[in-house]
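A.B. asks: Can you read through this structure? Questions will come right after.
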Amino acid sequence: MVVTSHTRDVLLELASKKRVYLEGNILKIIKAEDGDTDFAEYLQTCIERDATARKKRLSVTKQVQEQNKELETLFKDAESAREESERLKDEAEDAREEAERAKEVAETDLSLLQKKTQTELMGSIVKVALWVIMGVGIITTALYMFVLLNGNDAKIIESTWSNLFGILLTNSFSIIGTIMGVKHATNTDKE
């Protein structure tokens, strides 16, 4: 296709004054008239500039595609890292809950063991105290009876025997009361 002389002049003027050239597929169909070397040079310059511009655009497109692939890879890596982080967070939460359950079981076992030990200790204290009280009572009664059977004056031993039994009775109640008070004070079950 050959353009009119007016169009030719306008295109050449745009190229020389404003450095604006034709681009694209239109260059494939426009031809210069025979002998018009200025317009033929213009068209050749347009074709060269168009080829350079296409190469630049192609290069930019390839660069953008590569960057998009890199970004997609980074996004996938970030997504998998986020999923891994969530998985680790869930595992940590499960481990924390398991540790809390184990702690509760251990505390319960320790509390039961302490109560059992305290109960055994109190039982041992009561048994020993009762044996001591019974032993002193039996010995004192045996001495009192020995003095009575020998016919000796038993006034001093009689009052001693009476006082000793009062003290033993008071001490036995005191020991039992103290143990019951300690047991009640250490009881952790509140109503």
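Quick note: the coordinates plus some simple rules give every number you see, no bench work behind them. Keep in mind that this is a model prediction, so the values were computed, not measured. Cβ coordinates were reconstructed from backbone atoms using ideal geometry, including for glycine residues, and neighbour counts include every protein chain displayed.
A.B. asks: Using only alpha carbon pairs under 8 Å that are at least six residues apart, calculate the relative contact order of the chain and give it in whole percent.
C.D. replies: It comes to 13 percent, rounded to a whole number.
A.B. asks: Against the longest principal axis of the chain, how steep is helix 37-150, in degrees 0 to 90 to the nearest 10, with axes from Cα atoms?
C.D. replies: For helix 37-150, the angle is close to 0 degrees.
A.B. asks: Here's another thing I want to ask about it. In the structure displayed, which of Lys103/Lys183; Lys31/Lys56; Lys127/Lys155; Lys17/Lys55; Lys17/Lys56 lie more than 30 Å apart, Cα to Cα?
C.D. replies: Pairs exceeding the cut-off: Lys127/Lys155.
A.B. asks: At Arg57 and Thr37, where each label point lies 7 Å from the Cα along Cα→Cβ, what is the point-to-point distance in nanometres?
C.D. replies: 3.2 nm
A.B. asks: Next question. Pick out, in residue order, every one of the trypsin sites (Lys or Arg not before Pro) in the range 1-47 that is DSSP loop and has at most 11 other C-beta atoms within 10 Å; say none if there are none.
C.D. replies: Counting only loop positions with at most 11 other Cβ atoms within 10 Å, the trypsin sites (Lys or Arg not before Pro) in the range 1-47 are Arg19.
A.B. asks: Can you tell me how much longer the chain between Glu72 and Met180 gets when fully stretched, taken as 0.36 nm per residue apart minus their C-alpha distance, in nm with one decimal? List each step's numbers first, then the result.
C.D. replies: Values: separation 108, 0.36 × 108 = 38.88 nm, distance 7.46 nm.
Result for the pair: 31.4 nm of gain on full extension.
A.B. asks: Then there is this: For a label point 7 Å from the Cα of Thr7 along Cα→C-beta, name the residues of the range 45-71 whose backbone N is under 17 Å from it.
C.D. replies: 46-47
A.B. asks: What is the set of long-range amide H partners of Val2 at a cut-off below 5 Å, with H atoms built 1.01 Å from backbone N?
C.D. replies: Those lying under 5 Å, H to H, from Val2 are Lys31.
A.B. asks: For a footprinting-style exposure proxy, rank Asp109, Asp9 by other Cβ within 10 Å, fewest first.
C.D. replies: Asp109, Asp9
A.B. asks: Mind giving me the nanometre distance, one decimal, between the label points for Arg96 and Gln65, set 7 Å out from Cα along Cα→Cβ?
C.D. replies: 4.8 nm
A.B. asks: Another question about this same structure. How big is the range 5-185 in terms of Cα radius of gyration and Dmax, in angstroms?
C.D. replies: Rg then Dmax for the range 5-185, in Å: 56.5, 172.
A.B. asks: Treat the count of other C-beta atoms within 10 Å as a stand-in for reagent exposure and order Trp161, Trp131 from fewest to most.
C.D. replies: Lowest to highest Cβ neighbour count: Trp131, Trp161.
A.B. asks: In addition: Could you list Tyr144, Tyr42 in order of exposure, starting from the residue whose Cβ has the fewest other Cβ atoms within 10 Å?
C.D. replies: In order of increasing Cβ crowding within 10 Å: Tyr144, Tyr42.
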